């Protein structure tokens with residue numbers, strides 16, 4: 001009984017922290033129709049600003065909170081200025097991708113400034129606890145509850161009774177009409193980002209104090225939790241976000257009590273997927289209304305793709321095959337081999353995100369499935385690699401399609417959220433299903449690649465094998481795009497309502513696109529596993545998904561040649577210039593931002 | 001003449017506003033029905049309900065003696081119903097020719113074996129291997145797409161390879177109709193085909209619709225240009241505030257006082273109503 005109350009208090013406290021995050025996300029979605037993926041970064045920055053203020057300036061708590069509030073608000077305004085305002089009128093997906101780019105840049109900056117190591121965040125609150133019914137409540141619990149309730153009340157007053165609050169609500173209801181009535185929509189957006197981010201930053205500070213622990217990796221989880229809470233309450237619904245957050249906090253807390261802490265996130269994502277599937281409008285959303293007719297070509301930037309002549313492509317391919325005969329430098333060949341492995345992933349993603357228009361943020365999950373499938377078949381069953389690698393491709397194709405299938409009914413940003421969640425679920429299942437995957441230990445001594453007893457160790461041979469697979473996959477994909485199937489996928493991307501009205505079953509074609517794309521991604525993961533000889537649940541993390549997406553956008557969405565070029569540029573160039581790992585992520589983020597702003601059609605053009 | 005479309009008691013409410021209320025309509029094979037009414041009368045909502053994009057709150061829709069009330073738009077399209085959209089929903093990044101070919105999607109036979117479960121995988125395999133039968137079908141459809149585009153004279157044929165986003169507004173409307181024709185529909189729903197067209201272009205469109213009608217195609221036409229509706233329609237149905245206020249031959253509907261009132265404004269605005277003045 002006592003522990004039940006403790007778990008309830010804990011759940012409500014965590015729920016309050018989520019609420020501070022989710023309310024901000026809901027406000028931003030309300031005025032700009034955007035899920036701000038950089039929200040978790042502001043939360044992290046809030047925590048670190050608070051840590052710096054306490055550590056270096058020895059500020060008392062109220063001053064610390066004020067500093068965090070202002071600093072986070074400024075970061076929020078910066079996000080609006082960079083990620084949203086310049087992109088008005090560009091493709092629907094552009095601001096979403098921009099906030100992802102911003103989040104990677106901000107997270108990386110935090111890591112560079114404060115180091116990736118976790119830090120303790122002390123607080124000067126008195127350490128008394130009030131006993132209630134066997135459980136207890138501490139000062140920090142009360143503070144968090146107070147900040148949560150206080151912010152909600154202030155927000156209510158702001159939205160209900162101030163002039164700017166009226167403008168915010170007007171913009172949320174109808175942006176165009178508000179604009180016509182003289183509302184400065186940019187100022188409204190800026191104010192909303194400031195408020196939302198100030199609350200998000202406070203949330204980060206409070207959670208850091210609560211666990212006495214902050215680290216740069218907390219950003220991504222925070223974004224996801226805020227999104228889950230929002231989906232539960234109905235995206236863009238502020239009161240719904242609060243209720244959803246408290247529910248999420250309680251469910252997590254009780255879940256941990258029953259099953260243990262490693263399951264915490266699994267609950268959140270299971271809840272997310274259930275809600276997306278059965279109640280996509282959340283607890284408080286109504287029946288969905290038919291989406292208004294889109295502007296032509298709003299999903300991706302229309303462009304004329306650059307078509308290299310066929311002989312040039314074959315000449316380049318020939319040159320790539322001949323390269324190891326001319327230059328034997330293992331470092332260069334190793335780098336290019338990594339590029340070929342990335343190209344397999346990029347080809348897969350460009351089909352799903354570019355051709356079919358189903359942006360996937362969980363592509364690393366497919367790599368992980370392929371890698372584990374091949375590794376387990378090889379290690380546990382002793383099967384040879386020439387069988388396990390293609391088998392892993394097929395398993396990834398089947399399993400990946402099954403996992404994503406419930407999300408196919410979703411549209412627009414929702415599919416992005418769902419794929420993100422599925423990517424995380426894959427990693428969490430790998431972590432928790434110890435009897436199969438060996439859990440956090442990972443799989444060791446995975447045998448090297450081999451063909452009919454001949455082990456492929458030499459870097460030249462690995463290079464040729466990977467290149468041959470990339471060329472094969474690219475040829476297949478090109479052939480597929482030229483068929484009725486490619487036409488159908490592109491029709492779904494351009495206008496799914498019109499596509500349905502012409503007899504195209506969306507789920508069938510999305511599933512086939514994922515099945516085809518899943519194979520390549522699975523093979524890439526499988527080969528990687530055999531090359532590394534060791535994998536664990538973190539080998540393929542969300543950064544890999546972002547990298548793949550950046551490659552695809554760099555090459556041009558849906559563009560087969562572009563995907564390969566994107567992989568070579570983004571994997572090859574940093575390696576050749578020997579950029580260290582932490583700066584690499586920063587560069588990917590900046591490249592993504594610059595592309596979205598200045599060349600949304602990519603190098604080779606969208607197809 | 002047999003009945004092709006039969007709508008009874010169709011009702012759709014949005015948050016307290018009744019967009020379509022108790023709407024009845026019957027269309028016989030080969031007829032052209034004009035659906036008119038002021039903005040917001042419920043014309044496009046009716047199209048969305050008939051084509052399956054939206055679900056009615058009450059009422060039944062039967063197409064070729066089959067109830068289609070609960071079916072999705074894919075299934076309804078497969079039964080032979082094609083529609084165009086009010087503001088032109090073309091596939092922006094697809095070429096003109098490909099847009100028309102998507103219209104023929106429901107007619108693909110060789111590439112889309114009807115087998116359950118493995119059908120989709122076989123479709124994928126056929127798309128990759130493209131045996132002779134698949135190639136023949138694709139070529140036949142391509143030839144047909146060009147014939148359909150030729151119906152629009154020189155408007156679309158020279159732009160066969162152009163992406164649809166590069167087309168003018170009027171050409172997008174034409175392309176939508178071409179795409180709908182590629183479905184070989186039994187019933188064609190046209191939502192304001194001449195919106196944004198100048199008088200010459202409108203006359204061209206009118207001639208084209210007349211040709212389609214003469215060819216035996218059944219058409220339900222939403223249009224604001226009344227002269228055109230009156231010239232083309234066998235019968236005209238008038239909606240106002242979601243309710244059918246008149247239906248009949250064009251010349252009768254034109255003189256119907258309720259229709260005149262709906263279009264010219266309500267006579268009781270600012271003056272005692274007729275009922276009161278009689279009393």
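The values are calculated or read from the model by the stated rules, or taken from the named source; none is laboratory data. From a predicted model like this one, the values you see are computed outputs, not experimental measurements. Note that each Cβ is placed from the backbone with ideal geometry, even for glycine, and that neighbours are counted across all protein chains shown.
This table checks each residue for (1) in a helix (DSSP H, G or I); (2) within 14 Å of chain B (Cβ to nearest Cβ); (3) out of contact with any strand residue (DSSP E or B) (no Cβ under 8 Å at 6 or more places or on another chain); (4) surrounded by 22 or more Cβ atoms within 10 Å (Cβ to Cβ).
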position	(1), (2), (3), (4)
A:457	no, no, yes, no
A:461	yes, no, yes, no
A:466	yes, no, yes, yes
A:470	yes, no, yes, yes
A:473	yes, yes, yes, yes
A:476	yes, yes, yes, no
A:489	yes, yes, yes, yes
A:492	yes, yes, yes, yes
A:499	yes, yes, yes, yes
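Looking at the stretch A:532-588, what helices (runs of 4 or more DSSP H) fall wholly within it and have at least 2 residues that are surrounded by 23 or more Cβ atoms within 10 Å (Cβ to Cβ)?
In the stretch A:532-588, the matching helices (runs of 4 or more DSSP H) lie at A:542-555, A:560-567.
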Item to check | One residue from B:170, B:180 being within 10 Å of chain A (Cβ to nearest Cβ), touching a residue at least 12 places away in the same chain (Cβ under 8 Å) and in a helix (DSSP H, G or I) | outcome: B:180
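Yes/no matrix, rows are residues, columns are (1) under 21 Å from residue A:17 (Cα atoms); (2) modelled with pLDDT of 85 or more; (3) surrounded by 12 or more Cβ atoms within 10 Å (Cβ to Cβ):
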site: A:129; (1), (2), (3): yes, no, yes
site: A:153; (1), (2), (3): yes, yes, no
site: A:160; (1), (2), (3): no, yes, no
site: A:191; (1), (2), (3): no, yes, yes
Item to check | Criterion: closer than 22 Å to residue A:350 by Cα and within 28 Å of the chain's Cα centre (by Cα) - qualifying residue of A:481, A:475 | outcome: A:481
Checklist entry - Restricting to strands (runs of 3 or more DSSP E) lying wholly in the stretch B:1-107: which have 2 or more residues that are more than 14 Å from every other protein chain (Cβ to nearest Cβ) and surrounded by fewer than 19 Cβ atoms within 10 Å (Cβ to Cβ)? => result B:3-14, B:17-28, B:58-63
Next on the checklist: Just to verify a result, which residue in the stretch B:136-158, among those that are over 23 Å from the mean Cα position of the chain (by Cα) and more than 14 Å from chain A (Cβ to nearest Cβ), is farthest from residue B:196 (Cα to Cα)?
Outcome noted: B:143
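Name the residues in the stretch A:478-487 that are more than 7 Å from chain B (Cβ to nearest Cβ) and in a loop (DSSP other than H, G, I, E, B), would you?
If the condition is that a residue be more than 7 Å from chain B (Cβ to nearest Cβ) and in a loop (DSSP other than H, G, I, E, B), then A:482 is the only one that fits.
Per-residue answers, yes or no, for (1) surrounded by fewer than 21 Cβ atoms within 10 Å (Cβ to Cβ); (2) more than 19 Å from the chain's Cα centre (by Cα):
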residue: A:7; (1), (2): yes, yes
residue: A:13; (1), (2): no, yes
residue: A:18; (1), (2): no, no
residue: A:21; (1), (2): no, no
residue: A:36; (1), (2): no, no
residue: A:51; (1), (2): no, yes
residue: A:62; (1), (2): yes, yes
residue: A:72; (1), (2): no, yes
Next on the checklist: Residues to consider are A:147, A:68, A:105; find the one that is closer than 15 Å to residue A:205 by Cβ and at pLDDT 90 or above.
Outcome noted: A:68
